[in-house]
Each structure stands twice: as structure tokens, then as C-alpha cells.
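In what follows, a single structure is set out as C-alpha cells and then discussed.
Bear in mind these aren't lab numbers, they're just calculated from the coordinates by the rules spelled out. Computed from a prediction, not measured in an experiment: that's the story for all the values here. Every residue, glycine among them, receives a Cβ derived from its backbone with ideal geometry; neighbour counts consider all protein chains shown.
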Amino acid sequence: MILTNNHEKVIIMGKRIRAQRIGRGSSVYRAPPGIRVADVKIPDWPEAMHDVVKGTVLKLYKEPGRYAPLALVKFVRANGEMEKIWLIAPEGLYTGKEIQIGENAEIDIGNALPLRKIPEGTPVYNIEIRPGDGGKIARAAGTYAIIRAHHAHLEQTELELPGKRIIRINWDCRAQIGIVAGTGKDELPLVKAGNAYHKWRVKAHKWPRTRGVAMKGRESHYTLVGAPVPSVPVTTPLEAGEIRALASQRVFHDMPHLVGKLELLLLGELDVERSSREISSALAIMY
């Protein structure tokens, strides 16, 4: 509240912007707990970092809140132990397919191996930023990166990211070969708000999101205390018709007078310009 030059109290109407509400981290904007199956990443087992570990895809699963499908893979480690982990499923993956992770893995869909072992021009996903972090880049549905070049003198690999940005990272970072499945998720329309509700309730998003133009009020964002709020006159089609009818009645009421003026005008006894202007305006209201 401030005072103007006339010592009138003015209330400044503030606005809580949407980014601040989301940033508070309340339960409204937090993904519901207990819906994630596991931490999806490439395992950092010693044999997976150097030799090769082989596994078999047991099943494919659609995790709530994640557009990319997941694959449950059972691996047999070097000591003979069996371990099941979740990996992001690429296009073309099926149950029963063999997955290999390691330095000597084959160049095949779903396999994970260091970037220096993957040929140039190959699409890859779930790419590590630092060797052993499990994968950070190109994990969303339908995304992939392209290997552009290997720079042996720098021990780096040049990648073209999904957004066409070019980066270079350590060529010891691992990546999986292929394109993340679920690429057509946005092609089917939601049709109704109920589908959008179930889509966003499992994610840490605010829904619904009101359009900014819908929140636009009056031009000024302050109100004088005690000042009357100006009202805008609204004319309905019915009222507009009544106004035109009243104008027509007035014209017809004055018609004898206009006819007399027209006769005098024809005889040349009145001002031509002024009289013709009056008669033209009257006829415009009539018709």
C-alpha cells in the first residue's frame, strides 16, 4: 500500500508466478511415491566395465510417469550369480533377446559398450557423461544421439544430440545401441481432459495449466480504495434492434417535413448542399 500525491491510499495487486509455486516442492508438484520400479541405469560391475556380461530379456514393462518402456533383464555374472536389472528398452527389443554389456559386447540393439567401440553413424541412447555413471543423455521415448567422429588424440567422441547440438565426451563413456522405444507417444490425441488428468497425475507437473491470457484482468493492476469501479455499457442485439426501431420511427414521424424540404429543394428555394445532406442522413437511417 502506497500514498499518491493526493494522499489517497492505493493497493498494489501482486501476482504469485507459477514458477515459484512449483519450486516450493509441495506434494502437489511432486511425483507420487512408490510408482518407480528401480533406478534404471547401466550396471557398473567390474566385469561389465572391462569384459562382457550377457543377459536375457524377461519382460517389457510400462512404468507410470515414464514414456519409454523398460526391460527386465536377467544377467549371469562372472562369479555365477544371477542378477535382474531394469534397462531402457530400444525399438526392436523383444522378450528372450540376449543383451550384452561390456568392452567386448557385440554391435547389436540394446547392447551397452564404450563409445570408442561403436562405429561412426550409429544411433545410441542412455549415454554416460562420466564413465560408470549409468547413463544420463537421450533416455526419453523416441530419442537418440548419433556418433559423428572419434578423436583418438583427445580420447573423445563427438556426438550429435537429439536437439542437434554437437558435444564431445570421454570415449570411455558407455552407451546403448539403438533408439529408445515409444517414439509415437504424442501422435494420438488425448481427446478429453480425463486422459490428460491420468497422464499428468503420475508426474511432477502442475495440471491444469491456465493460459496466461485468461488471467489478464483490467489494464491497471491497482485499485483506489473507495473509488467506484467504472462500468462498461453492453448493448445486446435486442437492445440494438430497439434503438434502430426508435430511429426509424423518428424518421417516419419527420417524413412530411423532409418531403416538403425535398420539394423546396427541387424548386431551388433552399441551400442545396445543406438540405441534401439532411435528406441523405435520414434515408441512411431508414434503410
Compute the distribution of all C-alpha to C-alpha distances in segment 17-231, in bins of 5 Å from 0, and list the percent of pairs in each, rounded to whole numbers.
1, 6, 12, 15, 15, 12, 10, 8, 6, 4, 3, 2, 2, 2, 1, 1, 0
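At 0.36 nm per residue, minus the direct Cα-Cα distance, what do residue 201 and residue 79 gain on full extension? Give it in nm, one decimal, please.
39.6 nm
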Obtain the nm distance between the two label points defined at residue 61 and residue 107 by a simple spin-label model: each point lies 7 Å from its Cα along the Cα-to-C-beta direction.
3.3
Quote the FRET efficiency, to the nearest 0.05, computed for residue 29 versus residue 148 with a Förster distance R0 of 41 Å and r equal to the Cβ-Cβ distance.
0.60
Using 7 Å Cα-to-Cβ label points, what is the residue 215/residue 95 separation (nm, one decimal)?
4.7
Inter-label distance for residue 133 and residue 164, nm, one decimal - labels placed 7 Å from Cα along Cα-to-Cβ
2.6
